[in-house]
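All remarks here apply to the structure that follows.
The values are calculated or read from the model by the stated rules, or taken from the named source; none is laboratory data. Everything numeric in this text was worked out from a predicted model, so none of it was measured. Cβ: placed from backbone, ideal geometry, glycine included. Neighbour counts: every protein chain shown.
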């Protein structure tokens, strides 16, 4: 989507409104259906006679064992009174991942999540004991991330790797803003496209749980105005849960690192997670982390996300 001169303020105001749950449900189902080909699910392909990408509504309804009219109402955003069994059948027909099926449930049955809406705009707090715990992890980068990809707490090694986040205003300590709006983070992540897609997938999951969160709507509005890449990824309606993986980074002091990360959800607050990065023992990346630890404050000042003068 190209933004013409003078349109930015209009688009920003529009997206900052609460997310339309019905529209989100409709677009999510439509994009999941469009990505499936008939041969993927054992149906005949009529080639040039097909007028829509992916499966037709009637084909999806047949696979799910529901009427075409019923599925059409659901894809139009009317999830009222839909049963868990029907959602499960549609999820199987669409071959949804676990994260996608959870997102579908959040969108179709919002009454199960109304209690979360009241707390969506509250400031997130990190327990003192948890802050102390990540501080004791003095040889690996660790941080606490909350809703909307907000960074809530971090240790010295995280600052050495990612930059001194204390130099940023609290509202800027946000993975989505940093990844899409900061050139330093484009340079830090070797596979920036993968990191960007992950962040948008996490925000989509948040949006399904908290469609009425004004801070999330404002964040989506800001990034939609300022980043063409964000608009493209957001429009894809892909969702992802924070889990584990490998990231390659290019640090200004120690060069390229390959680090594994683990995401540990808190048992008493599933909207906060501890993320820990580590290197394979004996690898060049492990030596690079050791060097970062030994350089202390010098490494923090040189970290990727430290604002320039």
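Tabulated data
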| quantity | calculated |
| --- | --- |
| Candidate set: segment 74-96, residues that are without any contact (Cβ under 8 Å) to a residue 24 or more places away in the chain and within 22 Å of residue 37 (Cα to Cα); chosen: the one surrounded by the fewest Cβ atoms within 10 Å (Cβ to Cβ) | 88 |
| Count of residues meeting criterion [more than 24 Å from residue 255 (Cβ to Cβ), touching a helix residue (DSSP H, G or I) at 6+ places or on another chain (Cβ under 7 Å) and assigned to a helix (DSSP H, G or I)] in segment 151-176 | 1 |
| Single condition residue 60 does not satisfy, out of (1) modelled with pLDDT of 90 or more; (2) buried (at least 16 other Cβ atoms within 10 Å of the Cβ); (3) not assigned by TED's automatic domain parsing to the domain that holds residue 274 | (1) |
| Single unsatisfied condition, residue 162 versus (1) within 24 Å of residue 246 (Cβ to Cβ); (2) in contact with a strand residue (DSSP E or B) (Cβ under 6 Å, 6 or more places away or on another chain) | (2) |
| Matching option when the condition is in the same structural domain as residue 278 (by TED's automatic domain parsing), under 17 Å from residue 103 (Cα atoms), in contact with a helix residue (DSSP H, G or I) (Cβ under 6 Å, 6 or more places away or on another chain) and buried (at least 21 other Cβ atoms within 10 Å of the Cβ), among 212, 206 | 206 |
| Residue tally, condition in a helix (DSSP H, G or I) and touching a strand residue (DSSP E or B) at 6+ places or on another chain (Cβ under 6 Å), over segment 125-150 | 4 |
| Matching residues, segment 77-100, being part of a loop (DSSP other than H, G, I, E, B) and at pLDDT 90 or above | 94, 95, 96, 97 |
| Meets criteria (modelled with pLDDT of 90 or more, part of a helix (DSSP H, G or I) and over 23 Å from residue 171 (Cβ atoms)) for residue 250 | no |
| Flag for residue 200 being free of Cβ contacts under 8 Å to residues at least 60 places away in the same chain and outside any strand (DSSP E or B) | yes |
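Results for (1) within 24 Å of residue 124 (Cβ to Cβ); (2) part of a loop (DSSP other than H, G, I, E, B), shown as yes or no for each residue.
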residue: 242; (1), (2): yes, yes
residue: 261; (1), (2): yes, no
residue: 273; (1), (2): yes, no
residue: 282; (1), (2): no, yes
residue: 287; (1), (2): no, no
residue: 292; (1), (2): no, no
